[in-house]
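Read the structure below first, then the notes.
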Amino acid sequence: MTFIRPEIIRPPSEHASYYLPLTAGCSNNSCTFCNYSMSHLSMRDLDEVKREIDAVSLYMNHHVRVSDQPEIVYAILRRWNGKKLFLQDGDALVYPYPKLIEILRYLNEKLPGLERIASYATPQDILRRTTDELKTLKDLKLGILYMGVESGDDEVIQRIHKGVTHDQMVEAARKVKESGILLSVTVILGLGGLKGSQRHALETARILTEMDPDYAGALTLTLIPGTPLYDEFERDEFDLISPFDSLRELKTIVENSNFTNCFFSSMHASNYFAIRGQMPADKERVIKQLDTILAKRDPALLRPEFLRGL
Ligand code: SF4
């Protein structure tokens, strides 16, 4: 079957990367809020991936273009500095392990200037690998994995069909950290709805503490038409929290989480207010910042709805 190159969806910190698709879609296509829900996972043929790596190498070393590559390859290459590479798509770590190893080896051989390879990974993908397998990937420059945690509250996790439990996500984080690969996680403000808001925030703080990632980002729930959660909302079975309540959740998470050394932020475009800090050093400053905005309750201080993004 012909592989259809996925649209570029990547973490903000991968903005300068080359985007190399190994898969399209997500293997855990069940999360009710996500635009990958019900997507069909397809795997790209190994030889096709290698041909793209050959083309990238030829362009970077000799500025030569080949005709069998799509224009997007050269659009990315024109602004690429050769250092970071992001494996697409929703969870490229699901790509069969022996083939993944072969691709990483090939990347190292053809693009020796690469400094870091990155990928999204579901907790299930990580749990399928041993720590030694993850260490092997790390030795081949897989330097960071991005994992969606969404919530620490088992009730929420089950309701959104994440397919894992709180404890399984903590176990996945432990494996990544043990392998030496950096771990970046995201949680979603508002995912517990109105009634479950406080427990969602407290349990999310608890899971973040237990995972102790290198990076943690808070996003704010944005309902996407066509997703099961959007339909629940339309049927009055799910309530959205207010923008200020999302900041109250954020404050609860910051107050109740404890990190060894984590860059925590809410800079994603979905959020109503951006905070950032190296935790634990900046914890008190961030809490004060949130206290001030929560006391003023001035909508002019929030990102306007029309500027929010996914
Ligand atoms: S695992 Fe991640 S990418 Fe896949 S459907 Fe769930 S939230 Fe979306």
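The values are calculated or read from the model by the stated rules, or taken from the named source; none is laboratory data. Just so you know, these numbers come straight off a predicted model, no measurement behind them. We place every Cβ from the backbone using ideal geometry, glycine too, and count neighbours over all the protein chains shown. Side chains are part of the model used for accessible areas, which takes the heavy atoms of the whole protein and leaves out ligands, DNA and RNA. Shrake-Rupley method; radii C 1.70, N 1.55, O 1.52, S 1.80 Å.
Data overview
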read-out: Beta bridge orientation in the chain: antiparallel %, DSSP, nearest 5; value: 20
read-out: In range of the label at residue 79: residues from region 1-43 whose backbone nitrogen is under 18 Å from the point 7 Å along Cα→Cβ; value: 7-21
read-out: Relative contact order of region 120-173, pairs being alpha-carbon contacts under 8 Å that are 6 or more residues apart, as %; value: 48
read-out: Compactness of the chain as Cα Rg over 2.2 N^0.38 Å, two decimals; value: 1.03
read-out: Gaussian network model of the chain, Cα within-10 Å springs - most flexible of 77, 107, 87; value: 77
read-out: Ellipsoid semi-axes in whole angstrom, largest first, where each is sqrt(5λ) of the Cα gyration tensor of region 1-138; value: 24, 18, 14
read-out: Unit Cα scatterers, Debye sum, region 46-109: log10 I(q)/I(0) for q = 0.21, 0.28 Å⁻¹; value: -0.96, -1.42
read-out: Model label zone, residue 195; criterion: amide N under 20 Å from point 7 Å along Cα-to-beta-carbon; scope region 225-251; value: 228-242, 245-246, 249
read-out: Degrees between helix 97-110 axis and first principal axis of the chain (Cα, 0 to 90, nearest 10); value: 70
read-out: Ordering of 125-133, 145-153, 197-205, 92-100 by packing [mean C-beta count within 10 Å, highest first]; value: 145-153, 197-205, 92-100, 125-133
read-out: Rounded percent of accessible protein surface that carbon and sulfur make up, region 98-164, 1.4 Å probe; value: 47
read-out: Tensor-based shape of region 174-277 (alpha-carbon gyration tensor, a/c under 1.5 rounded, otherwise prolate or oblate); value: prolate
read-out: Difference of contour (0.36 nm per residue) and Cα-Cα distance, residue 115 to residue 239; value: 40.3 nm
read-out: Kirkwood Rh in Å, taken over all unlike Cα pairs in region 76-163; value: 14.3
read-out: The chain: most fluctuating residue of 210, 234, 249 per GNM, C-alpha cutoff 10 Å; value: 234
read-out: Chain lengthening between residue 132 and residue 258 when straightened (0.36 nm per residue, less Cα-Cα); value: 42.6 nm
read-out: Listed peptides 67-73, 22-28 by packing density, highest first (mean Cβ within 10 Å); value: 22-28, 67-73
read-out: Solvent-accessible heavy-atom area per residue, rounded to whole Å², over the chain at 1.4 Å; value: 45
read-out: Three semi-axes of the equivalent ellipsoid, region 135-211, Cα gyration tensor, whole Å, largest first; value: 27, 10, 10
